[in-house]
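Let me begin by presenting the structure, written as structure tokens, before commenting on it.
The values are calculated or read from the model by the stated rules, or taken from the named source; none is laboratory data. The structure presented is a predicted model; accordingly, all values stated were derived computationally and were not measured. Counting neighbours? That spans all protein chains shown, and the Cβs are built from the backbone with ideal geometry, glycine included.
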Amino acid sequence: MLFPIADDNRDRRTTPVVNYVLILINILVFVFLQGFGTNEKFTYAFSTVPAEIVTGRDFVTRNQPVMTVTGQRMLMPGLQPTPIPVYLTLITSMFMHASLAHIFGNMLFLWIFGDNIEDRLGHFRYLIFYLVCGVLAGLSHVFATVAFAGDNEASLLVPSLGASGAISGVLGAYILLFPTNRVIVLLGWFATPVPAFIAIGLWFVLQLISGLGVLGSGSQQGGVAYAAHIGGFISGLALIKIFEIGRPRSDGYYVRDF
């Protein structure tokens with residue numbers, strides 16, 4: 001498995017302030033509002049719940065005892081009241097994470113790949129592109145859950161959260177705009193440069209393969225919403241050229257972004 005740790009930024013000409021702000025907001029939300037993932041009431045109030053998006057209604061459920069894979073019993077928090085329109089959770093959920101590992105992986109990918117897309121699009125366009133890809137990724141997860149839930153209606157009440165859907169859109173844009181950029185990846189214990197189309201392409205293939213089980217069961221296998229990754233990636237591929245209209249190429253001049 002290739003794990004990206006850096007990329008070639010020699011052609012970048014602007015400071016990716018929006019990317020920095022997005023990373024900062026994610027960290028602040030995780031630390032101060034989610035309490036490093038311990039504030040489950042906040043998390044379960046602002047995550048995306050497929051049933052809520054489909055019906056437009058806010059669902060509140062009771063805490064439920066569940067059995068972990070280690071045989072321990074634990075109390076799973078129920079869905080909490082959402083103090084905003086439920087459709088806005090498609091945005092709030094992309095700024096929350098379930099664990100330190102979750103936020104570290106997402107922010108590392110955003111740090112590596114987001115700055116190049118912001119440089120190409122400009123600050124404001126990049127922000128809109130990121131949010132649109134995140135919303136479309138969330139809707140992809142909702143659609144897949146509803147379409148493949150079958151008799152498992154409980155899966156419609158499983159909340160999802162994380163920036164990975166929006167970041168997947170960034171990856172889709174990156175592989176289209178910078179396919180031959182060198183990406184430094186960890187291969188075992190060694191760091192080696194590979195073209196972006198290999199690093200990101202292998203990542204997307206993994207999402208497709210892993211997502212087959214999710215689509216078949218209508219649930220989030222292993223706690224990962226692969227449909228959001230796939231939907232976000234395709235959204236990035238489809239939208240990046242539209243968002244790029246009117247922007248100068250990297251080998252030309254740049255206009256000031258207002």
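See the values below:
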quantity	calculated
Criterion (among the polar types (S, T, N, Q) and exposed (fewer than 13 other Cβ atoms within 10 Å of the Cβ)) met by exactly one of Thr48, Thr15, Thr61	Thr15
Output for the stretch 179-206, where each listed residue is surrounded by fewer than 15 Cβ atoms within 10 Å (Cβ to Cβ) and part of a loop (DSSP other than H, G, I, E, B)	Pro179, Thr180, Gly188, Trp189
Elements of type helices (runs of 4 or more DSSP H) contained in the stretch 1-114, each with 1 or more residues being of a type in the set (Val, Ile, Thr) and farther than 13 Å from Leu161 by Cα	17-28, 50-55
Filtered residue count, the stretch 1-34, keeping only those that are touching a helix residue (DSSP H, G or I) at 6+ places or on another chain (Cβ under 8 Å) and under 14 Å from His97 (Cβ atoms)	9
Contacts under 7 angstrom Cβ, first residue in the stretch 161-189 being within 16 Å of Phe243 (Cα to Cα) and modelled with pLDDT of 95 or more, partner surrounded by fewer than 22 Cβ atoms within 10 Å (Cβ to Cβ) and β-branched (Val, Ile, Thr), 6 or more apart	Gly172/Ile234
